[in-house]
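Each reported figure results from applying straightforward, stated rules to the coordinates on display, with no laboratory input. Keep in mind the model is a prediction, meaning the values are calculated, not measured. Virtual Cβ from ideal backbone geometry, glycine too; neighbours counted across all protein chains shown.
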Amino acid sequence: MAKDRSFTAKLAHETLRHRVTCPVCNKELEPYLVVRPASTGDSSGQRFRKQRVKVCACNRAELGLS
Ligand SMILES: [Zn+2]
């Protein structure tokens, strides 16, 4: 079905619209899910916090990604 295919393509295009370009290196930022240790402030031990970040060459090393 050609119509269904174009509808799917449109949806994909809508998703891609959220792309962000880094103002520094002018490269497209990749969405990344990083897990960081988060201090709980009590003695229950260490917790981890998931954080969505946009990654490019500028902050890749900083985030521990290679
Ligand atoms: Zn950059």
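Using C-alpha pairs below 8 Å separated by at least 6 residues, the relative contact order for segment 25-66 is 42 percent. Inter-label distance, R36 to A9: 4.1 nm, where each label sits 7 Å from its Cα along the C-beta direction. When you work out D = kT/(6 pi eta Rh) for segment 25-66 at 4 °C and 1.567 mPa s, using the Kirkwood radius from C-alpha pairs as Rh and the Stokes-Einstein form, the result is 110 µm²/s.
Model label points for S44 and H18, set 7 angstrom from Cα along the Cα-to-Cβ axis, are 2.9 nm apart.
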